[in-house]
Every structure is written in structure tokens, then in C-alpha cells.
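Presented below is the structure to which this report refers.
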């Protein structure tokens, strides 16, 4: 009754905690950039680095410009192997996607009050993030990831990809076909 979007009898147990919640990466990144600037750091957003000499504190930008620094913080995400190929073997890059969905009208209020679902159980390796922080509701699944050697590979969603991701969640999510896919976002991560 508390969460009518769950299909009764499709799971054995659930754990609920009032602590925690969704992390919103754009808000975190912009907040970090603001904090760094306020504390005297030079932040160069949207500056693609193509070479790093960590020992010498030297970088080369895609434009050919070079920079020297006392310290370099690399926040390259899935592109880190392009800068440090020697980490291949320790780190692997994956392409995945997540589906933003609009829940059925009669379940919207329940989802607004719902916690993040870290793992829906079973073989799905899936998570659900209810609408929060101005972002829509999303489904993501580890079953949908594909290993790649290039973080820029296959970054456009393909037809039906959002529905394929969404459909992995039934059960335990009831009435899954009624969740309208509004957007599909691809991601690359290590």
C-alpha cells in the first residue's frame, strides 16, 4: 500500500532507510567548481586535455595550448584511459544508457514520495531514481552496459533502447508498459 508501484508477491523483502537519496552530478560538479574558484583555484571548464605529464605538472589542451601547475586534478571519467592508457587492465570503460520515464498519473504522487531504489533485485542489476532535484524519474540497469575501448563510441540512443531498459523492471515494478519513455541518455563510465 505504501508503494503501489511495486508488484505484490514479486519480491521477498525490501529494506527502507530515510537517509540518503539521489546524487545529482551536475549540481555536484557546478558546486565543486564554485567552491574551487572561491578557494583560489583556476578552473578551466570545457577544456579538453589531450596530454598529461603528472610528474612535471604539465598539460596540453586540444587547442595546442600548454599549462603548467603545482597540482593537476584529472576528472576525465570514462575518458581517463585516453590520458593514462597504462591504467587499461585496472580500469574498463563501458557504454550504457538510462531511460527517463513518466509514470502513470495515478502513481505519480507515490513516486514523488518514494526513496531511491538501489537494486530492484534478481538478475536485473537495476536501480530506479524517483523524480528529485528537478530531474525526471529514471531507470538504469547493469544488464544494458557494453564494454568499449572508446568512451565516445555509440553515444546516440537507438530506437527502442529506452523501452528495452524500462521493460527489464517488470517485475517488481507493476504496470511497466504504462511508464512512458520521455528521454534516453547514453553514458560512458569506468
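The values are calculated or read from the model by the stated rules, or taken from the named source; none is laboratory data. Nothing here was measured: the structure is a model prediction, and the numbers come from that model. Note that we place each Cβ from the backbone using ideal geometry, even for glycine, and neighbour counts take in every protein chain shown.
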- Item | In the stretch 132-163, the residues that are under 12 Å from residue 96 (Cβ atoms), part of a helix (DSSP H, G or I) and modelled with pLDDT of 90 or more | 161
- Count of the stretch 61-81 residues which are within 18 Å of residue 32 (Cβ to Cβ), part of a loop (DSSP other than H, G, I, E, B) and out of contact with any helix residue (DSSP H, G or I) (no Cβ under 9 Å at 6 or more places or on another chain): 3
- Subset of the stretch 99-121 [more than 21 Å from the chain's Cα centre (by Cα) and closer than 22 Å to residue 160 by Cβ]: 104
- In the stretch 1-36, residues that are outside any loop (DSSP other than H, G, I, E, B), farther than 21 Å from residue 77 by Cα and free of Cβ contacts under 8 Å to residues at least 40 places away in the same chain total 0
- Message: Testing residue 180 on (1) touching a residue at least 12 places away in the same chain (Cβ under 8 Å); (2) surrounded by fewer than 19 Cβ atoms within 10 Å (Cβ to Cβ); (3) over 25 Å from residue 8 (Cβ atoms), one condition comes back false. Which one is that?
- Response: (3)
- Message: It is to be established whether one or more residues within the stretch 107-126 are touching a residue at least 24 places away in the same chain (Cβ under 8 Å), closer than 18 Å to residue 189 by Cα, buried (at least 17 other Cβ atoms within 10 Å of the Cβ) and touching a strand residue (DSSP E or B) at 6+ places or on another chain (Cβ under 7 Å).
- Response: yes
- Message: Would you confirm whether or not the stretch 31-45 contains a residue that is closer than 24 Å to residue 92 by Cα and surrounded by fewer than 13 Cβ atoms within 10 Å (Cβ to Cβ)?
- Response: no
- Message: Looking for something over 27 Å from residue 28 (Cβ atoms), in a strand (DSSP E or B) and modelled with pLDDT of 95 or more - is there at least one such residue anywhere in the stretch 179-186?
- Response: yes
- Query: Is there any pair with a first residue in the stretch 132-159 that is under 13 Å from residue 184 (Cβ atoms) and a second that is part of a loop (DSSP other than H, G, I, E, B) whose Cβ atoms are under 6 Å apart and which are 6 or more apart or on different chains, and what are they?
  - Reply: 139/169; 141/124; 141/125; 141/168
- Quick one: would you say residue 78 is at pLDDT 95 or above and surrounded by 10 or more Cβ atoms within 10 Å (Cβ to Cβ)? no
